[in-house]
1. What's the magnitude of the charge dipole for the stretch 37-147 around its Cα centre, counting Lys and Arg as +1 and Asp and Glu as -1 at the beta-carbon? Answer in Debye, nearest 20.
2. Each residue of the stretch 100-109 in turn: what ³J(HN,Hα) in whole Hz from Karplus with 6.51, -1.76, 1.60 and θ = phi - 60°, glycine and Pro shown as x?
3. Between Val56 and Lys2, what is the spin-label point distance in nm, taking each point 7 Å from the Cα along the Cα→C-beta axis?
4. Run the helix sum for the chain: -39,500 (n - 2.57) per DSSP H stretch of 4+ residues, divided by residue count, reported at 222 nm to the nearest 500 deg cm²/dmol.
5. From the square roots a ≥ b ≥ c of the eigenvalues of the alpha-carbon gyration tensor of the chain, which class results: rounded (a/c under 1.5), prolate (a/b over b/c), or oblate?
Amino acid sequence: MKQVHIVVGITSIVVVSMAALWGAWCWYRGRAGRSFWRLMRAGQTIVVLQAALGGVLLAEGKKEPSLHLIYGLLPIGVSFLAEQLRIASAQAVLDGRGHESASAVGDLPEGEQQTIVVQIVQRELGVMALAALVMAVLLWRAAVTAG
């Protein structure tokens, strides 16, 4: 079981790091592709799986340093917080332009709608790419502090 935990841990670091790098590139370009969101969701899923495997190892009596446990669980919290910030960032763009909701944007000319959508996408990408970077660093630290 410990070998599976190690393999899934390495996979989580690689996938989340790829999401961070790809997300930063997409943010820089101002466009999000499906590949970023797939990488991000895959990374989030693998991180939860990794934590569950760690929980099984703890239940089996394996002892790990407290720092390993903290660094291993923090990425889940970062991911959750990032999702909340992503939602808030879309509303911040709408509020900044004086729109109460996304449906109000539908009444605008198509050019303005596109501008707002690009701003929302870029903010969401920035939030999630930064979250992926923080998650990758925490996962790497968890690996380094493993016993």
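1. Details: 8 positive and 9 negative charges, 123 e Å.
In total the dipole reaches around 580 debye.
2. 6, 8, 5, 5, 5, 5, x, 8, 7, x
3. 1.6 nm
4. Estimated from H runs of four or more residues: -30000 deg cm²/dmol.
5. Details: a/c = 3.37, a/b = 2.62, b/c = 1.29.
Since a/c reaches 1.5 and a/b is larger than b/c, the shape of the chain is classed as prolate.
Quick note: the coordinates plus some simple rules give every number you see, no bench work behind them. Because the structure is a prediction, the values reported are computed rather than measured. Positions of Cβ are backbone-derived with ideal geometry, glycine not excepted, and every protein chain shown enters the neighbour counts.
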